[in-house]
Amino acid sequence: MTYLEKVITLKIYHQFLKTLITSWVIIFCIIHVNAQEEIDYNYDESKIKPYKLPELLLSQDSVKISTIEDWEKVRRPEILKFFEDNIYGQVPKDFKRIKFKLKNRDKKAMDGKATLREVEITVIKNKKSITINLIVFTPNKTKKPVPTFLVINHRGIRTMDVTRENKDGFWPAEVVINAGYGIAGFDVIDVAPDNNEKFTEGVLKLYPEQLEMNNGMGALGAWGWGASRAIDYFETYRFVDAKKIIVVGHSRGGKSSLWCAAQDKRVAIAISNDSGNSGAAISRRNFGETIDIIYQNFPYWFCSNYQQYGNNEDKLPIDQHMLLALMAPRAVYVGSAAEDLWADPKGQYLSLVEAQPVFNLYGIETNLPSELPDVNKQIIRPTMGFHNRIGKHNMTPYDWQQYIKFANDYFK
Ligand code: GTR
């Protein structure tokens with residue numbers, strides 16, 4: 001090897017070593033940052049930082065709220081507006097036209113036990129339109145309008161198979177029909193795809209200005225908007241009792257169902273199944289998912305104002321118990337799963353407990369136990385329900401049995 005060749009070989013060797021070391025440093029950093037992110041949540045009750053919830057019955061101007069009138073005229077609008085401007089964003093109510101088209105009807109669905117209707121709901125504004133595909137089964141054994149469960153479904157259309165060949169425990173239509181209720185659902189994808197890049201391709205096409213606003217509608221608000229359009233349809237369909245609509249959602253769908261029902265007073269019962277952070281769980285408890293984590297992963301679910309409350313929950317003049325309180329005097333049910341620590345079962349229960357004063361203002365005796373109830377022990381109060389099922393994050397036939405029991409009790 002000549003001297004020059006030796007120098008070149010050595011240089012190549014050095015370069016190789018340098019590249020190797022740099023790649024290792026990069027890989028180490030990535031692993032480290034990820035590990036940091038992973039440990040950024042807490043499952044240890046003893047590590048919950050002390051917190052003080054904002055007063056439910058004290059107005060922004062520090063006026064004590066002691067009558068239904070003050071709640072409805074002063075405090076309720078204040079709280080609703082805060083959720084709207086800082087968490088879920090505006091939900092626009094104006095549109096030009098809404099059309100319902102019956103795409104398919106089967107009067108002998110489920111071996112003659114139910115009538116199936118597949119309806120296209122088209123909403124038109126500024127020459128643009130979107131279509132929501134709604135599926136509705138109602139029981140044939142009664143000719144009276146029936147109370148109906150409406151699911152904000154993010155688990156895909158296959159969970160609501162109209163042929164009933166695929167029976168999914170997430171949407172157990174036969175069980176609900178046998179109990180004398182209607183069951184309906186739509187896929188959230190019709191209203192806002194569940195995706196950071198594509199969520200604008202649904203209802204937000206009709207309201208593009210919302211995308212420029214710090215308090216503009218996000219995907220959770222859009223899905224709730226979709227549920228309200230389904231209720232618009234129920235008001236025209238005589239086999240559904242539009243005054244007895246039960247809006248149900250699991251997880252992200254549960255957050256949406258609570259937000260929809262808080263605004264749309266046509267909802268009789270709001271059901272949150274494992275909705276967790278930014279749903280039923282108290283945000284100030286640093287247990288499981290936090291605002292910082294959820295906003296980093298799913299910014300498009302919310303309005304952009306929400307970001308400022310990540311790791312800064314004490315700045316919030318509200319907490320999620322107030323979202324449940326907005327249901328009063330209507331009913332709210334919180335379903336939880338014991339192994340779903342990410343959604344904070346205890347934090348979800350405490351929200352119900354903390355929401356009681358508003359229900360009490362309406363003269364409703366709630367008397368919830370102060371401690372988290374044992375697993376699989378259902379709590380039914382006139383307008384509040386809770387259970388903490390054994391098992392993981394999911395909506396199962398067991399959860400549905402509890403919801404039906406609650407609805408039976410509430411509508412009896
Ligand atoms: C998780 C998210 C939760 C919950 C869940 C779901 O990734 O962190 O807040 O919404 O998704 O919807 O299943």
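For the stretch 310-340, a residue qualifies if it is buried (at least 19 other Cβ atoms within 10 Å of the Cβ), in a helix (DSSP H, G or I) and within 16 Å of the ligand (Cβ to nearest atom), and exactly one does: 323.
Among the conditions (1) buried (at least 24 other Cβ atoms within 10 Å of the Cβ); (2) closer than 22 Å to residue 386 by Cβ; (3) within 12 Å of the ligand (Cβ to nearest atom), the only one that residue 301 does not satisfy is (2). Among residues of the stretch 341-357 being more than 16 Å from the chain's Cα centre (by Cα) and more than 19 Å from residue 398 (Cβ to Cβ), the one that is surrounded by the most Cβ atoms within 10 Å (Cβ to Cβ) is 355.
Every condition in (1) within 18 Å of residue 124 (Cα to Cα); (2) assigned to a helix (DSSP H, G or I); (3) touching a residue at least 12 places away in the same chain (Cβ under 8 Å) is met by residue 192 except one, and the failing one is (2).
Do we have any residue at all in the stretch 231-250 that's within 11 Å of the ligand (Cβ to nearest atom), under 11 Å from the mean Cα position of the chain (by Cα) and not in a loop (DSSP other than H, G, I, E, B)? Yes: the stretch 231-250 contains one or more residues that are within 11 Å of the ligand (Cβ to nearest atom), under 11 Å from the mean Cα position of the chain (by Cα) and not in a loop (DSSP other than H, G, I, E, B). Take the residues of the stretch 282-298 that are more than 16 Å from the chain's Cα centre (by Cα) and closer than 23 Å to residue 385 by Cα: which is farthest from the ligand (Cβ to nearest atom)? Going through the qualifying residues, I end up with 284.
Do we find a residue being surrounded by fewer than 16 Cβ atoms within 10 Å (Cβ to Cβ), at pLDDT 95 or above and assigned to a loop (DSSP other than H, G, I, E, B) anywhere in the stretch 117-140? Scanning the stretch 117-140 turns up no residue that is surrounded by fewer than 16 Cβ atoms within 10 Å (Cβ to Cβ), at pLDDT 95 or above and assigned to a loop (DSSP other than H, G, I, E, B).
How about the stretch 141-154: which of its residues are surrounded by fewer than 23 Cβ atoms within 10 Å (Cβ to Cβ) and either in contact with a Gly (Cβ under 8 Å, 6 or more places away or on another chain) or among the aromatic types (Phe, Trp, Tyr) (or both)? Residues satisfying the conditions are 141, 142, 146, 147, 154.
Considering only residues of the stretch 251-281 that are surrounded by fewer than 24 Cβ atoms within 10 Å (Cβ to Cβ) and under 19 Å from residue 306 (Cα atoms), which is farthest from the ligand (Cβ to nearest atom)? Step through it out loud before you land on a result.
Taking the stretch 251-281 as the starting set, the residues that turn out to be surrounded by fewer than 24 Cβ atoms within 10 Å (Cβ to Cβ) are 251-252, 263-266, 268.
Now restrict to residues that are under 19 Å from residue 306 (Cα atoms): 251-252, 263.
Numbers: 251: 3, 252: 3, 263: 20 Å.
The selected residue is 263.
From the set of residues in the stretch 107-116 that are touching a residue at least 60 places away in the same chain (Cβ under 8 Å) and of a type in the set (A, V, I, L, M), which is surrounded by the fewest Cβ atoms within 10 Å (Cβ to Cβ)? Reasoning before the result, please.
Of the residues in the stretch 107-116, the ones touching a residue at least 60 places away in the same chain (Cβ under 8 Å) are 110, 113-115.
Next, from what is left, pick out any that are of a type in the set (A, V, I, L, M): 110, 114.
Details: 110: 17, 114: 25.
It comes out as 110.
Taken over the stretch 229-248, the criterion of being buried (at least 18 other Cβ atoms within 10 Å of the Cβ) and under 15 Å from residue 133 (Cα atoms) is satisfied by 229, 230, 231, 233, 234. If the condition is being in contact (Cβ under 8 Å) with a residue 60 or more places away in the chain and of a type in the set (A, V, I, L, M), then the stretch 385-408 contributes 395, 404, 407. Scanning the stretch 109-121 for residues that are over 17 Å from residue 240 (Cα atoms) and in contact with a strand residue (DSSP E or B) (Cβ under 9 Å, 6 or more places away or on another chain) yields a single hit, 110. Annotation note: Cβ proximity below 8 Å between a residue of the stretch 288-303 that is closer than 23 Å to residue 189 by Cβ and in a helix (DSSP H, G or I) and a residue that is within 8 Å of the ligand (Cβ to nearest atom) and of a type outside the set (A, V, I, L, M, F, W, C) (sequence gap 6+ or interchain) occurs for 294/277; 294/278; 301/252; 301/255; 301/278. The set of residues in the stretch 65-106 being of a type in the set (Val, Ile, Thr) and part of a loop (DSSP other than H, G, I, E, B) consists of 65, 67, 91. When the residues of the stretch 355-412 are filtered to those that are touching a His at 6+ places or on another chain (Cβ under 6 Å) and of a type outside the set (S, T, N, Q), the one that is nearest to residue 322 (Cα to Cα) is 355.
The values are calculated or read from the model by the stated rules, or taken from the named source; none is laboratory data. Because the structure is a prediction, the values reported are computed rather than measured. When we count neighbours, we look across all protein chains shown, and the Cβ atoms used for this are built from the backbone with ideal geometry, even at glycine.
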